[in-house]
Amino acid sequence: MTIAANDEGSLTKSFAGLRVLDFSTTIAGPHCTRMLADMGAEVIKVESLEGETMRTRPPVRNGFSTAFGQLNVGKKSLVLDLKSPDAIEVIRRLVADTDILVENFRPGVMRRLKLDYGSLQHLNPKLIYCSISGYGQTGPSAELPAYAPVIHAASGYDIAHLSYQPGRSRPDHCGIYLADVLTGVYAFGAISAALYQRHGSQRGQNIDVSMLESMLSLTLNELQWAQFEVKQTPRPMLGPIESADGFVMLAIASEKTFQSLIKVIGHPEWIADARFAKYSDRRDNWADLMNGVETWSRALTTEKCLAELNGHGVPCSAYRTVAEALRDPQIAHRGALSEVRDGGGTFKVLNLPFRMSGANVSAAKRMATLGEHTVALLKETGLSEGEIAAFTGKSLAAERR
C-alpha cells in the first residue's frame, strides 16, 4: 500500500534518466547505489571477471548469492579488467555520458588508474564523483585500511555503547555493520544534494564521504560530553523487561507515559512516591522502578504484557527476530518487500523505507548476471566487433547463436 493508495507501477521514478558508474564493493557503496537504482537511475556496476567478493556470501543458491542481490538488484553488470589500458579507455568514454560515479577503493587507487575526479572532470564537467572511504580521501589516516568493525572502534561508538551496559567492562563483538549502511545513506544524501545543486550550476563536483565521521554522527550526546567538563548523572537505561515467556522493551519517554505505566502495573500511588514523582527522582531510582515493572511483567506472557501496555499508550515491543519482524502485517501493508529473481530462483529484498506520492521507489524485479550488459555497453562506446571480442573472449556471432 502506498501514499494515497497510489499504484507504484503507474508512477515515474525520481532519478529516471540518470546514469551511474558504480565501482564500489562490499556494502557501503553498493548500498548507496542500490538506493539510486531503486529511485530509477541506470546503475552500471563495474566488476572484474571473477565478480566482487559479495557474490560468494551466503545464502548462495545454485551459485547465486541473495546477500549480493540485496545490495545490487536493479544494476547492470559490466565486466572489465581495470589493469588494462583499453578498459580504462572504455571507462573514460562512458564517463562522458555519466551523471554520477561512485567508488570506495582505498584512497589513491582511482588516481593510479587515472580514473580520479581530477582526471575525469574535463571529460564531463557535470560529473558528480562520490568517493567513500574509512577516514576520508586526505589526512594522516586516509590510507589506513578500514572495515566497519574497525570504524566502530575508532569512532568511539563501541566505548560509548559500552558505557550504557552496567557491569560490562569489555566492548561488544560486532555482528551488524552499522558504519557501512550509515555511510551508504550519507553518500546517497550527498549525491542527491549535488544533483539539486547541479540543476542550477550545470556543474558537477567531488564528494568525499568518511565512514569515521558518519559513525561519529551517532554519538550526539557523547560528542558534546567529550568537549566539556560535565557532571555525569545517572541516565535511565532502556532495556529488556522479563515476561513469563520472553522479554519486552518499553520506553518511558514522557510524564504521561510514566503515569500510564504505573497504572498498568498496579501502582498508581507511585505518582506521589518521592522516589519517582519527578524525572530526576526516577533517574536516581531507575533500578527500583524497573524492578517494580518486572514484578508485574514476569507474571504475564509477552503477548499479554504488550496488550496491556499498548492499551494504555505505553510504547513497547516484543524482542523479535528479523524473521518475525518480516512477518509483521505492517510490513505487508507497507509493501516493504519486493520479490527478486536471479539465476538461483527468487528471494525478497527490502525496499527503501520511504514512500512518495508521485514516485515509484520499489526495487527492480530481476538481478543481472555477471557481465550481462558488457557487450551492449561496449557497443555503446563505439568499439568494433573485433575489439569487443578481444574484451570478452568471444565473438558477437557466437553470442548471437
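Could you state the accessible area per residue of the stretch 233-353 in Å², with a 1.4 Å probe and every protein chain left in place? Each step should come with its number before you reach the end.
Working: 6860 Å² over 121 residues.
Computed with neighbouring chains in place, this is 57 Å² per residue.
Of all accessible surface on the chain at a 1.4 Å probe, what whole percent is carbon and sulfur? After summing per-atom areas, the C and S share lands at 55 percent.
What is the gain in length, in nm to one decimal, between residue 163 and residue 225 on full extension, counting 0.36 nm per residue of separation less the C-alpha to C-alpha distance?
21.0 nm
Each Lys or Arg adds one and each Asp or Glu takes one away; over the other residues whose Cβ falls under 15 Å from the Cβ of residue 311, this sums to +1. Accessible area ranking (1.4 Å probe, heavy atoms, ligands and nucleic acids excluded), largest first, for 333, 152: 333, 152.
Taking only the C-alpha atoms, wrap a convex hull around the stretch 135-192 and report its volume per residue in Å³ as a whole number.
Working: hull volume 5.9 nm³, N = 58.
Once divided by residue count, the hull of the stretch 135-192 is 101 Å³.
For residue 278, a cut-off of 20 angstrom between C-alpha atoms picks up these aspartates and glutamates, skipping any fewer than 8 places away in its own chain: 255, 269, 288.
Estimated at the nearest 10 Å², the accessible area of residue 387 is 90 Å² with a 1.4 Å probe. Tell me, rounded to the nearest percent, the portion of alpha carbon pairs in the stretch 248-294 spaced more than 12 Å apart. Of all Cα-Cα pairs in the stretch 248-294, 60 percent lie more than 12 Å apart. Close Lys pairs in the stretch 1-122 (alpha-carbon distance under 15 Å; sequence gap of 8 or more, or different chains): 4.
Take the Cα radius of gyration of the chain and divide it by 2.2 N^0.38 Å, N being the number of residues; the result is 1.20.
In the assembled protein chains, residue 225 presents an accessible area of approximately 100 Å² (probe radius 1.4 Å). For the stretch 223-340, the convex hull drawn through the C-alpha positions has a volume of 150 cubic angstrom per residue. Take the Kirkwood radius over Cα pairs of the stretch 299-374, plug it into Stokes-Einstein at 10 °C and 1.306 mPa s, and you get 101 µm²/s for translational diffusion. Here the alpha carbons of the stretch 43-184 define both size measures, Rg and Dmax, at 18.4, 60 Å.
Considering only alpha-carbon pairs that sit under 8 angstrom and 6 or more positions apart, the relative contact order computed for the chain is 21 percent.
The values are calculated or read from the model by the stated rules, or taken from the named source; none is laboratory data. Nothing here was measured: the structure is a model prediction, and the numbers come from that model. Methodologically, a virtual Cβ is constructed for each residue, glycine included, from the backbone with ideal geometry; neighbour enumeration extends over all protein chains shown. Ligands, DNA and RNA are excluded from the accessible area calculation, which covers all protein heavy atoms including side chains. Shrake-Rupley method; radii C 1.70, N 1.55, O 1.52, S 1.80 Å.
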